[in-house]
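Have a look at the structure below, then the notes.
The values are calculated or read from the model by the stated rules, or taken from the named source; none is laboratory data. Fair warning: this is a prediction, and the values are worked out from it, not measured in the lab. Heads up, the Cβs are rebuilt from the backbone with ideal geometry, glycines too, and the neighbour counts pull from every protein chain shown.
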Amino acid sequence: MNLFKEIEQKDHEQVIFCSDKRSNLRAIIAIHNTTLGPALGGARMWTYTSDPEALSDALRLSRGMTYKAAVSGLNLGGGKAVIIGDPNKDKTEKLFRTYGRFIEGLAGRYITAEDVGTSVEDMEWVRMETKYVTGLDRALGGGGDPSPVTAFGVYHGMKAAMKELTGNDSLQGKKIAVQGSGHVASSLCDHLATEGAKIFITDIYEKKAASVSERTKATYVLPEKIYDVDADIFCPCALGAVLNDDTIPRLKVKIIAGGANNQLADEGKHGQMLIERGIIYAPDYAINAGGLISVANELEGHTHERAMKQAEGIYDTITKIFAIAKRENIPTYEASNRLAEERISSIGHIRTLYAGKSEFDGQLTRVSHA
Ligand code: NAD
C-alpha cells in the first residue's frame, strides 16, 4: 500500500496511528477536513483483516463525515476513528481510556463518539481521559440515544421529497414501505402514523415489526417482499447497499427517503438507474443527519428542543438539493456533494480573513432554517 498516495487521494488533512502494547490498542484516526470546525465522527471497532483495510475504512468514513456536517449547515469537519479488535471480546476499560488519551492529545482537532462496534458505555471510559467526546448518556449531560432526532429529520426530509413530487408535503394517506423496525424506523413510524400515512413494515425479527404495527397499525411484510410493495415511498432504515441491480427494477415507488447509511450500492450506477426510473432519491447522508445534529448539539449543552428544531431544517436541506439537481441536471447525491463543497469553499474563504487563532471559537450549530 502506498500510504501517502492513499491519504492524498481523498485530500485528508491528517491521519494518526495510535498504538499501545499495554492496552492492546491499535487505532487509526483520520481527519479529513477541518475548514468548518473540529472533525467529528464516531469510533468504529471492527475485526479488520488487515491494516490497509482499517485505514481505507477510516479514510472513506471520515470523508463522508465532512460532507454530512457541511451539507447540514454545522460548523464541524469530518473525522473518523477505527479501533482494530473484536467488539465482542477485546473491549476493556484500559483500551478505551488509552484511546481517550490519544484523543486528548489532538487537543480538540478531532471529537469522537460511538459507532458500529462501540457504545455509549464505552464512551464513558473515553470521557475519563478527554472532554473531546460526544454522544454520551443523558445522566452525564449528553443527549442520549440520537435515533429520535434522526427519525424526526428523516420525517421532514420525506415531506420535502413529497413536496417535490406533488407540490404538497402532506403524507396523509400516502403508502410508505419501511425497511427495518429498529430505533430510527420505530420512532419515524410514530410521526408517519400521526400524520395519517399507511405504513408497511418489515424486519428480520418479526417481533420488532409487530411492536411497531401494534402502535401504528402498520401492515407487516416479509423482509424480501418490502421492495415489491405498491407504495408511494420506500424508506430504508436497516442496511446499506439496498438500492442495487436486483432491487431497483422491483420498486414501484416514486420516492426513496430513509435513514440507512450508504443506500446506493454503487453511487454512479444506481443513482443513474433511479433517475431513469423516475424515482426521487433523498440522499442518505443529508436526510439522516439528525444523529450528527444531536451529538453536535451536545457539544454546546444539549437540549432536546434545540436538536429537534435543527433536525426540522433537513426539510430545507433536501429542498435545496433537489433544486440544485434540477438546475444542474445531475443526480441528487451529486447535488448534495456539490452543496457541501460549495459551503466548505465559501466559509473556508471567509476564514482566511484575519486568519490565525481567534479568541472566539464560534457557534457550532444554529436553529434557524432560512
Ligand atoms: P437498529 O439496529 O436499531 O435497527 C435496524 C433494524 O434493521 C434492526 O431491527 C434489524 O433487525 C433490521 N434489519 C436488519 N437486516 C434487515 C433486513 N434485511 N430486512 C429488514 N430488516 C432488517 O439501527 P438504527 O439505529 O435504527 O439505524 C438504522 C439505520 O440508520 C442504519 O443503517 C444506521 O447506520 C442508520 N443511521 C442511524 C442513525 C441513528 O441515529 N440511530 C443515524 C444515522 C444513520
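Annotations for the structure displayed:
- From the list ILE324, ILE275, ILE318, the one residue that fits, being away from the ligand (no atom under 14 Å from the Cβ), in a helix (DSSP H, G or I), outside the structural domain of ARG127 (by TED's automatic domain parsing) and under 24 Å from GLY79 (Cα atoms), is ILE318.
- Selection from region 242-271 of residues that are over 19 Å from the mean Cα position of the chain (by Cα) and within 14 Å of the ligand (Cβ to nearest atom): ASN244, ASP246, THR247
- Residues that are part of a helix (DSSP H, G or I) and among the small types (Gly, Ala, Ser) within region 89-109 comprise GLY100, GLY105, listed in sequence order.
- Filtered by the rule that a residue be part of a helix (DSSP H, G or I) and out of contact with any Leu (no Cβ under 9 Å at 6 or more places or on another chain), region 211-226 gives SER211, VAL212, SER213, GLU214, ARG215, PRO223, GLU224, LYS225, ILE226.
- Looking only at residues of region 278-291 that are touching a Phe, Trp or Tyr at 6+ places or on another chain (Cβ under 9 Å) and among the hydrophobic types (A, V, I, L, M, F, W, C), we find that the one that is nearest to the ligand (Cβ to nearest atom) is ALA286.
- Residue under evaluation ILE347, criteria (1) in contact with a Leu (Cβ under 8 Å, 6 or more places away or on another chain); (2) more than 30 Å from MET123 (Cα to Cα); (3) modelled with pLDDT of 95 or more, criterion not met: (3)
- Among the residues of region 292-305, the ones that are crowded, with 18+ Cβ neighbours inside 10 Å and away from the ligand (no atom under 14 Å from the Cβ) come to 2 in all.
- Subset of region 89-123 (residues that are farther than 21 Å from PRO38 by Cβ and free of Cβ contacts under 8 Å to residues at least 24 places away in the same chain): LYS89, SER119, GLU121
- Qualifying residue in region 340-353 (condition: buried (at least 21 other Cβ atoms within 10 Å of the Cβ) and at negative phi): yes
- Qualifying position, being farther than 16 Å from THR332 by Cβ and touching a helix residue (DSSP H, G or I) at 6+ places or on another chain (Cβ under 7 Å), among ALA311, ALA282, ALA241: ALA311
- Every test in (1) hydrophobic (A, V, I, L, M, F, W, C); (2) closer than 22 Å to ILE201 by Cβ; (3) in contact with a Ser or Thr (Cβ under 8 Å, 6 or more places away or on another chain) is passed by ILE248 save one, and that test is (3).
- Close contacts from region 193-210, counting a first residue that is within 14 Å of the ligand (Cβ to nearest atom) and assigned to a helix (DSSP H, G or I) and a second that is among the hydroxyl-bearing types (Ser, Thr, Tyr) and modelled with pLDDT of 95 or more, with Cβ to Cβ under 8 Å and a gap of 6+ residues or different chains, come to GLU206/TYR220; LYS208/SER181; LYS208/SER186; ALA209/SER181; ALA209/THR202; ALA209/TYR220; ALA210/TYR220.
- Neighbours by Cβ (under 6 Å, 6+ apart or cross-chain): first from region 47-65, over 13 Å from ALA30 (Cβ atoms); second in a helix (DSSP H, G or I): TYR48/ALA54
- Residue selected from region 215-241 under the condition more than 8 Å from the ligand (Cβ to nearest atom) and of a type in the set (Val, Ile, Thr), by the criterion surrounded by the fewest Cβ atoms within 10 Å (Cβ to Cβ): THR219
- Condition check for GLY268 on (1) surrounded by fewer than 15 Cβ atoms within 10 Å (Cβ to Cβ); (2) within 21 Å of TYR285 (Cβ to Cβ); (3) touching a residue at least 12 places away in the same chain (Cβ under 8 Å): one failure, at (3).
- Residues of region 143-192 that are in contact (Cβ under 8 Å) with a residue 12 or more places away in the chain, more than 13 Å from the ligand (Cβ to nearest atom) and β-branched (Val, Ile, Thr): ILE176 alone.
- Criterion violated by ALA139 - all others in (1) away from the ligand (no atom under 16 Å from the Cβ); (2) crowded, with 21+ Cβ neighbours inside 10 Å satisfied: (2)
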